[in-house]
């Protein structure tokens, strides 16, 4: 995808073992809407105890993997036929770590959008293990849409989280371009006639405490209120200018509804997604500068882990996956 409202030409759906196949259905709906081609990938991860299994079964390890690949291919093909009603699809079965094989397939086949069923992580697992989803969010070069089993395959209320504090960013142009990509991606997915994209910016007045500390007691409240109002006015102006630019770039599309909420992004995005009954949250995953080394940051990862709805993660223009650098 480009900085503007570019649309994917080739979408990759990641097959899973469920009967619902929400990732496939969502990818198919999106591909039909955008006129994009669709590919499907299934991954077979060799078990850690393959050598033991080989010894106990008397089968060669390579043969065991071949059997697993064929079994996976047959099972996935059966689910595809049930879902697609004999519509031909390009199915690949890869052997290896799922996130590695997905990213390699993206690079090899020039897919520019990935749809996958979200993996539920809870409790201590969230902190001890980096799931396939987390690896994709950090390292996949194209947008990644993580769908939940009960989600709508064509969301109508989408929350696009943007960071309009570009004047405090190390690379303001990169951040501004990423904001536009986030909203463009949200508009692309929210394609229903009655769809709406809520453009959310979490803002904070971090200097308010200093004003209370250094102002005279009688003036502190007035000065603090004036400071907060000036910050809020500046954010309103930034949102209005941003939406005017985005509407010019995107043209026709779903309604764009501005929303400013005070607080830390981790809290605001989580609370607003629940309060607004968002069917999808779209956000950028840039954390630090130097585009070839950009990774998802702790803030973005904490937000995604706490959300109860699907997530579409967008990378900045120029992002190079650390797995694909020569």
| task | Mind counting the residues in segment 179-210 that are assigned to a helix (DSSP H, G or I) and at pLDDT 90 or above? | result | 11
| query | What number of residues within segment 258-275 are surrounded by fewer than 16 Cβ atoms within 10 Å (Cβ to Cβ) and either without any contact (Cβ under 8 Å) to a residue 12 or more places away in the chain or under 19 Å from the mean Cα position of the chain (by Cα) (or both)? | reply | 4
| query | Residues in segment 83-98: is at least one assigned to a helix (DSSP H, G or I) and modelled with pLDDT of 85 or more? | reply | yes
| Which one of these does residue 3 not meet: (1) surrounded by 14 or more Cβ atoms within 10 Å (Cβ to Cβ); (2) assigned to a helix (DSSP H, G or I); (3) modelled with pLDDT under 85? | (2)
| query | Quick check: is even one residue across segment 49-65 assigned to a loop (DSSP other than H, G, I, E, B), in contact with a strand residue (DSSP E or B) (Cβ under 9 Å, 6 or more places away or on another chain) and more than 19 Å from residue 10 (Cβ to Cβ)? | reply | no
| field | Residues being surrounded by fewer than 23 Cβ atoms within 10 Å (Cβ to Cβ) and either part of a helix (DSSP H, G or I) or in contact with a strand residue (DSSP E or B) (Cβ under 8 Å, 6 or more places away or on another chain) (or both) - total across segment 21-41 | value | 12
| query | How many residues does segment 152-178 hold that are assigned to a loop (DSSP other than H, G, I, E, B), buried (at least 21 other Cβ atoms within 10 Å of the Cβ) and out of contact with any helix residue (DSSP H, G or I) (no Cβ under 8 Å at 6 or more places or on another chain)? | reply | 0
| remark: Taking first residues from segment 123-150 that are closer than 21 Å to residue 29 by Cβ and second residues anywhere that are modelled with pLDDT under 55 and in a loop (DSSP other than H, G, I, E, B), the pairs with Cβ under 8 Å that are 6 or more apart or on different chains are 142/1; 143/1
| field | Matching residues in segment 231-257 - criterion: being surrounded by 15 or more Cβ atoms within 10 Å (Cβ to Cβ) and either part of a loop (DSSP other than H, G, I, E, B) or in contact with a strand residue (DSSP E or B) (Cβ under 6 Å, 6 or more places away or on another chain) (or both) | value | 235, 239, 243, 253, 254, 256, 257
| query | Any idea which of (1) assigned to a helix (DSSP H, G or I); (2) buried (at least 17 other Cβ atoms within 10 Å of the Cβ) is the one residue 74 doesn't satisfy? | reply | (2)
| said: Checking the structure you have, find out if any residue of segment 134-149 is surrounded by 16 or more Cβ atoms within 10 Å (Cβ to Cβ), at pLDDT 90 or above, under 19 Å from residue 272 (Cβ atoms) and touching a strand residue (DSSP E or B) at 6+ places or on another chain (Cβ under 7 Å). | reply: yes
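The values are calculated or read from the model by the stated rules, or taken from the named source; none is laboratory data. These numbers were taken from a predicted model, which means no experiment stands behind them. Counting neighbours? That spans all protein chains shown, and the Cβs are built from the backbone with ideal geometry, glycine included.
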